[in-house]
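Structure first, then comments.
The values are calculated or read from the model by the stated rules, or taken from the named source; none is laboratory data. The model shown is predicted, which means the values in this text are computed figures rather than measured ones. We place every Cβ from the backbone using ideal geometry, glycine too, and count neighbours over all the protein chains shown. Calculation scope for accessible area: heavy atoms of the full protein, side chains included, ligands and nucleic acids excluded. Shrake-Rupley method; radii C 1.70, N 1.55, O 1.52, S 1.80 Å.
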Amino acid sequence: YQRRVRGSSGINAEYFPSHVTEGSPSPIVQYTGGHCYKHDDSPPPMIGPQELPTLTHVAIGFESSSHQAEDYVKFCVLNTLMGGGGSFSAGGPGKGMYTRLYLQVLNRYHWIYSALALNHPYQETGLFTINGSCHPNHGWDIVQVLIKQFKEMGQGINHGELERAKTQLKSTLLMNLEYRNIILEDIGRQVVASGHRKTAPELCAMIDSVTPHQISEIVMKMLKNRPSVGAFGDLKYVPSFEEIEAAFERENGELTNRITHFLLRGARGGGAKTGLIKH
């Protein structure tokens with residue numbers, strides 16, 4: 001049976017236990033990949049004097065690892081190494097302005113509003129994603145950029161950027177543990193998940209032990225799975241899931257009908273459109 005923590009507030013202590021039933025056995029969790037697209041080209045609500053732009057939001061991900069797996073810390077380091085954020089984010093100590101998504105994406109493509117790597121660990125599996133937002137006219141382009149970033153992960157990590165990512169991750173960990181409420185939450189989460197708590201020195205030692213070869217190994221293993229793609233907003237130029245899946249199977253990660261896409265985009269005034277929206 002799944003481990004559970006029960007808590008209550010504002011009810012009679014004698015009443016609570018009699019109304020709690022035992023949980024059923026946890027189902028087997030298996031990553032499958034897939035896609036979920038939701039087209040919405042309506043303008044966002046105005047929250048100020050200026051109207052907010054209608055954007056295309058795309059997330060591409062692969063299976064990573066659970067929070068109890070041996071590869072969990074490696075994915076945390078990879079997540080810090082990729083980093084990312086918003087295109088208008090200000091710099092500062094520990095801000096991550098030298099992460100890959102800042103250097104190779106946000107600093108190169110002015111039309112990208114945000115690019116961010118996220119690792120979502122769960123009890124039996126996990127999901128590593130790169131999320132991006134851009135103007136709708138660049139829906140195809142941002143998908144190509146995200147695919148290239150995944151492909152370049154497996155082509156090697158240099159020593160300098162890995163050490164920078166490990167130092168940043170340790171810094172974030174230690175700064176968070178300066179607060180008593182976060183320490184208390186950390187103790188509770190670790191005990192519920194694994195039955196014991198790893199101290200800060202233990203976690204820092206695990207981070208320091210990660211090597212470039214280990215990062216390349218988990219990336220190559222990750223890319224063998226089927227991708228998961230989520231998209232929201234104006235999706236008229238976002239390629240289909242089948243096109244994205246086929247691009248990951250190619251060594252160069254190129255989307256096949258790129259030239260056709262741009263030709264159709266040039267004929268936008270005539271009503272020709274590409275991507276998921278059928279007319």
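Just a few scattered comments:
- Restricted to region 107-125, and to residues there that are open to solvent by less than 60 Å² (accessible area, probe 1.4 Å) and in a loop (DSSP other than H, G, I, E, B), the residue that is farthest from Leu55 (Cα to Cα) is Thr125.
- Pairs with Cβ under 9 Å, 6+ apart, first in region 109-120 and under 17 Å from Asn137 (Cβ atoms), second among the acidic types (Asp, Glu): Tyr109/Asp141; Trp111/Asp141; Ile112/Asp141
- One residue stands out among those in region 126-144 that are assigned to a helix (DSSP H, G or I) and either hydrophobic (A, V, I, L, M, F, W, C) or open to solvent by 40 Å² or more (accessible area, probe 1.4 Å) (or both): the one that is farthest from Lys221 (Cα to Cα), which is Asn137.
- Any hit, region 187-209, residues being in contact with a strand residue (DSSP E or B) (Cβ under 6 Å, 6 or more places away or on another chain) and either in contact (Cβ under 8 Å) with a residue 40 or more places away in the chain or over 29 Å from Thr167 (Cβ atoms) (or both): no
- Looking across region 31-82 at every residue that is under 30 Å from Glu163 (Cβ atoms) and part of a strand (DSSP E or B), the one that is most open to solvent (accessible area, probe 1.4 Å) is identified as Glu63.
- Considering (1) more than 30 Å from His39 (Cβ to Cβ); (2) touching a residue at least 60 places away in the same chain (Cβ under 8 Å), the lone condition that Ile142 does not fulfil carries the number (1).
- Test result for Ile147, over 20 Å from Ala205 (Cα atoms), hydrophobic (A, V, I, L, M, F, W, C), open to solvent by less than 50 Å² (accessible area, probe 1.4 Å) and outside any helix (DSSP H, G or I): no
- Output for region 150-162, where each listed residue is open to solvent by 10 Å² or more (accessible area, probe 1.4 Å) and within 18 Å of the chain's Cα centre (by Cα): Lys151, Glu152, Gly154
- Flag if Arg6 is modelled with pLDDT under 80 and in contact with a helix residue (DSSP H, G or I) (Cβ under 8 Å, 6 or more places away or on another chain): yes
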